[in-house]
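Have a look at the structure below before the remarks.
The values are calculated or read from the model by the stated rules, or taken from the named source; none is laboratory data. Keep in mind the model is a prediction, meaning the values are calculated, not measured. Because the Cβ atoms are built from the backbone with ideal geometry, glycine has one as well, and the counts that use them run over all protein chains shown.
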Amino acid sequence: MPSSINFTPGPSQLYFTVPDHVREAFKTGIPSLSHRSKAFQGIYQFAADGLRELLQLPDDYGIYFTGSANEIWERIGQSLVSKQSFHLINGAFSQRFEEIVRETGKQTESVVLNAGSSISEVPTISDETDLIALTQNETSTGVSLPLEQIAQIRSRYPDKLIAVDAVSSLPYINLDYSKIDTAFFSIQKGFGLPAGLGVWLANKKCIERTKKNQALGNKTGTYHSLLTLDTFAAKFQTPETPNVLAIYLLGKVIEDFNRRGIKTIRNETLYKSTLLYQCLSTHSLVNPFVKAKAWQSQTVIVAECAEGLERLVSYLQGAGIDPGEGYGAAKKTQLRFANFPAHSKEQFEWLVDKINLYH
Ligand SMILES: *Cc1c(COP(=O)(O)O)cnc(C)c1O
């Protein structure tokens, strides 16, 4: 048991069952298992089936493993964008998504929002755009895009693909997968695992788009394109030698999540975030950075401190609490608190008690 609680959004605190699963994995030889063995296929299928159940993922979605979420940004640019993508930019991660798509040689357009805000109206998107990229939870600023907005964007632009970066909000958010075409996460945030694996969910429309792109002469990827991933996934394999240990651990943690129940996980997340936002919104020194309730992330809560951070951080660390630093330039004025399934109610109650006593 680590001596302090890690509230950094990523890599975040490990889910409490991870050390046991790691020990079991080494005992049974998982780390040196051939990725062409039957046993590996079983591990892939176990993780994918568990995830499908946890997220209530429709049958027309495939589940693919990559190196990271950064890789998925790039593969989306290569496989899914024919000509131009649209990006709703509300912080550093959504901005990087756009840059990477541009680096794949595609055009992009964007709406850039003020830090700490999201949208309350559907943005205008041009006809040339064939994919809309949305960062549902902007980890750098603690802003979340309301799910109703995603549904409205879909009904206004039914013919464009919609890609959702849900790296720091899954499994908490209850995405309507019929209103989007692809979503993705990496495992060191809400799944409480060591970094080193990206998980890409994509529907049949995405497969068709990739085929169309290939026919147009576009390069849809290298060792990973959505088509190679899909071909191998049909036999529960990956094109390359993957991070077998991480896929095994993911399956095990998902099994633990399913045993606990996604409803319970979601209710507890909301309980914990409500506790912290209530504390911050009435505190004399430490306040929420995102003011509008509708845009406040439930999974990454960003706080700002009027008098500066130094005294607050050493006070929290003295109480066994490791807050996440603010992102980039906000390091000096903000702290981030991850609220993932790995963070218990007791840990949040402890955090809130300590902040309440700070003056
Ligand atoms: C952390 C994060 C990423 C990048 O994840 P990697 O696993 O480092 O590639 C992308 N998007 C969001 C919203 C994130 O929080």
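If only residues of segment 94-123 that are farther than 22 Å from residue 185 by Cβ and among the charged types (D, E, K, R) are counted, the one that is surrounded by the most Cβ atoms within 10 Å (Cβ to Cβ) is 106. Give just the number: which of (1) in a helix (DSSP H, G or I); (2) within 25 Å of the chain's Cα centre (by Cα) does residue 353 not satisfy? So residue 353 meets the others, but not (2). Looking only at segment 164-189, residues that are part of a loop (DSSP other than H, G, I, E, B), farther than 18 Å from residue 90 by Cα and of a type in the set (Val, Ile, Thr) come to 3 in all. Screening residue 306 with (1) within 16 Å of the ligand (Cβ to nearest atom); (2) over 21 Å from residue 9 (Cβ atoms); (3) surrounded by fewer than 22 Cβ atoms within 10 Å (Cβ to Cβ) gives one miss only, at (1).
Just the residues that are away from the ligand (no atom under 16 Å from the Cβ) and either in contact with a Gly (Cβ under 6 Å, 6 or more places away or on another chain) or in a helix (DSSP H, G or I) (or both), please, taken from segment 79-93.
Going through segment 79-93, the residues away from the ligand (no atom under 16 Å from the Cβ) turn out to be 79-84, 86.
If the condition is that a residue be away from the ligand (no atom under 16 Å from the Cβ) and either in contact with a Gly (Cβ under 6 Å, 6 or more places away or on another chain) or in a helix (DSSP H, G or I) (or both), then 79, 80 are the ones that fit.
Among the listed residues 164, 143, which satisfies the condition of being within 16 Å of the ligand (Cβ to nearest atom), buried (at least 24 other Cβ atoms within 10 Å of the Cβ), under 18 Å from residue 294 (Cβ atoms) and within 12 Å of the chain's Cα centre (by Cα)?
Numbers: 143 fails: within 12 Å of the chain's Cα centre (by Cα).
Answer to the check: 164.
Yes or no: segment 241-257 includes at least one residue that is of a type in the set (S, T, N, Q), surrounded by fewer than 17 Cβ atoms within 10 Å (Cβ to Cβ) and more than 28 Å from residue 67 (Cα to Cα). No, segment 241-257 has no match at all.
Of the residues making up segment 55-70, those that are within 29 Å of residue 117 (Cβ to Cβ) and either touching a Lys or Arg at 6+ places or on another chain (Cβ under 7 Å) or surrounded by fewer than 20 Cβ atoms within 10 Å (Cβ to Cβ) (or both) are 68, 70.
Looking across segment 36-76 at every residue that is among the aliphatic types (A, V, I, L, M) and more than 18 Å from residue 167 (Cα to Cα), the one that is nearest to the ligand (Cβ to nearest atom) is identified as 43.
Only one residue in 28, 66, 8 is polar (S, T, N, Q), within 16 Å of the chain's Cα centre (by Cα) and farther than 17 Å from residue 197 by Cβ, so which one is that? Don't jump to the end; show me each part of the working.
Numbers: 28 fails: within 16 Å of the chain's Cα centre (by Cα); 66 fails: farther than 17 Å from residue 197 by Cβ.
When all the criteria are applied, what remains is 8.
For (1) over 22 Å from residue 56 (Cβ atoms); (2) assigned to a helix (DSSP H, G or I); (3) in contact (Cβ under 8 Å) with a residue 40 or more places away in the chain; (4) touching a Phe, Trp or Tyr at 6+ places or on another chain (Cβ under 6 Å), each residue gets a yes or a no:
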site: 210; (1), (2), (3), (4): yes, yes, yes, no
site: 214; (1), (2), (3), (4): yes, yes, no, no
site: 221; (1), (2), (3), (4): yes, no, yes, no
site: 241; (1), (2), (3), (4): yes, no, yes, no
site: 245; (1), (2), (3), (4): yes, yes, yes, no
site: 290; (1), (2), (3), (4): yes, no, yes, no
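Whether any residue in segment 325-345 is within 24 Å of residue 266 (Cβ to Cβ) and among the acidic types (Asp, Glu) is what I want to check. Within segment 325-345, none of the residues are within 24 Å of residue 266 (Cβ to Cβ) and among the acidic types (Asp, Glu).
Of everything in segment 147-169, what is touching a Leu at 6+ places or on another chain (Cβ under 7 Å) and closer than 17 Å to residue 54 by Cβ? Give them in sequence order. Answer for segment 147-169, where residues must be touching a Leu at 6+ places or on another chain (Cβ under 7 Å) and closer than 17 Å to residue 54 by Cβ: 164, 166. Among the candidates 117, 126, the residue that is at negative phi, at pLDDT below 95 and more than 16 Å from the ligand (Cβ to nearest atom) is uniquely 117.
Residue under question is residue 96, and the condition is that it be away from the ligand (no atom under 16 Å from the Cβ), without any contact (Cβ under 8 Å) to a residue 60 or more places away in the chain and either part of a helix (DSSP H, G or I) or out of contact with any Phe, Trp or Tyr (no Cβ under 8 Å at 6 or more places or on another chain) (or both); does it hold? Answer is no for this residue.
Considering only segment 202-230, how many residues are under 10 Å from residue 80 (Cβ atoms), of a type in the set (A, V, I, L, M, F, W, C) and over 26 Å from the mean Cα position of the chain (by Cα)? Qualifying residue count, segment 202-230: 0.
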